Amino acid sequence: MARLGSARLGFIVIIAAEFASASRALYPGGDRFAGLASIVLSPFSAIRACVALSRGLMALDHPVAVASAMCSDETFLVVARRFYFDADRKDERGDIEIFLRSIGRLDDVLQPPRPETVEMRSFCPRCHSQYLKSNGDCVDCQDVAVQPLSARPT
Ligand SMILES: [Zn+2]
């Protein structure tokens, strides 16, 4: 039992030292006391020390920019489409379009999907669901009109 306690204490000391070092490098002048106290007092906080460190790194970046750096290509396109088409309601579409153009991905985001079957006539530009109907709104996305599968979304 004493060995288990010593091993636990050893791991906590190592994690706390690594946390302090990484925190000093990532957030110069930042407050480390709360994070260190949390690691020392709770094994669950020690396990999640990397999450605590990385949380602030991307807090100020737009989710599309973070997705472009962190996600697989498929996931990035899903995230970018959702933010691009939702941005119409938030007046952010222009900024997202500039970003996507700068990384050369705007055409990928706006490109229609390949038809799942020859009967498919339309798709949702936001979620890429495909429909047999020629017009109307997407069932899953609020106020998003379906587009012909041959058309590029506007
Ligand atoms: Zn949709």
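Were the residues from Y27 through S6 laid out at 0.36 nm apart, the gain over their Cα-Cα distance would be 4.5 nm. Put simply, the amide H of D137, placed in the peptide plane, has neighbours under 5 Å in V146, leaving out anything fewer than 5 places away on its chain.
Loop-located GluC sites (Glu not before Pro) in the range 1-105 (DSSP state not H, G, I, E or B) with no more than 16 neighbouring Cβ atoms inside 10 Å: E92.
Counting other Cβ atoms within 10 Å as a rough exposure proxy, the listed residues R3, R93, R126 run R3, R93, R126 from fewest neighbours to most.
Which values, in whole Å and largest first, are the semi-axes of the equivalent ellipsoid of the chain obtained as the square root of 5 times each eigenvalue of the Cα gyration tensor?
Over the Cα atoms of the chain, the ellipsoid semi-axes are 47, 18, 12 Å.
Extending 7 Å from Cα along the Cβ direction at E74 and again at F44 yields two label points whose distance is 3.3 nm. Ordering F123, S21, Q111 by the projection of their Cα atoms onto the charge dipole of the chain, which places +1 on the Cβ of Lys and Arg and -1 on the Cβ of Asp and Glu, puts S21 at the extreme positive end. Near the amide H of F123, within less than 5 Å, lie the amide hydrogens of Y131, Q147, L149, all on another chain or at least 5 residues away, with H placed in the peptide plane. Once the cut-off is 15 Å, how many percent of the Cα-Cα pairs in the range 27-76 end up in the long-distance tail? Tail of the P(r) past 15 Å holds 58 percent of the pairs. Rounded to whole Å, the principal axis extents of the Cα atoms in the range 63-109 read 27, 17, 16, largest first. For the chain, the Cβ-based charge dipole about the Cα centre amounts to some 600 debye (Lys, Arg positive; Asp, Glu negative; other atoms uncharged).
Across the range 98-103, rounded Karplus estimates of 3J(HN,Hα) from the backbone phi angles (6.51 cos²θ - 1.76 cosθ + 1.60, θ = phi - 60°) give 4, 5, 4, 5, 5, 9 Hz, Gly and Pro being marked x. Each Lys and Arg contributes +1 and each Asp and Glu -1, all at the Cβ; summed about the Cα centre of the range 113-154, the dipole is approximately 180 debye.
Only the coordinates and a few stated rules stand behind these numbers; no lab work does. The structure displayed is predicted, hence computed values, not measured ones. Glycine also receives a Cβ, built like all others from the backbone with ideal geometry; neighbour counts cover every protein chain displayed.
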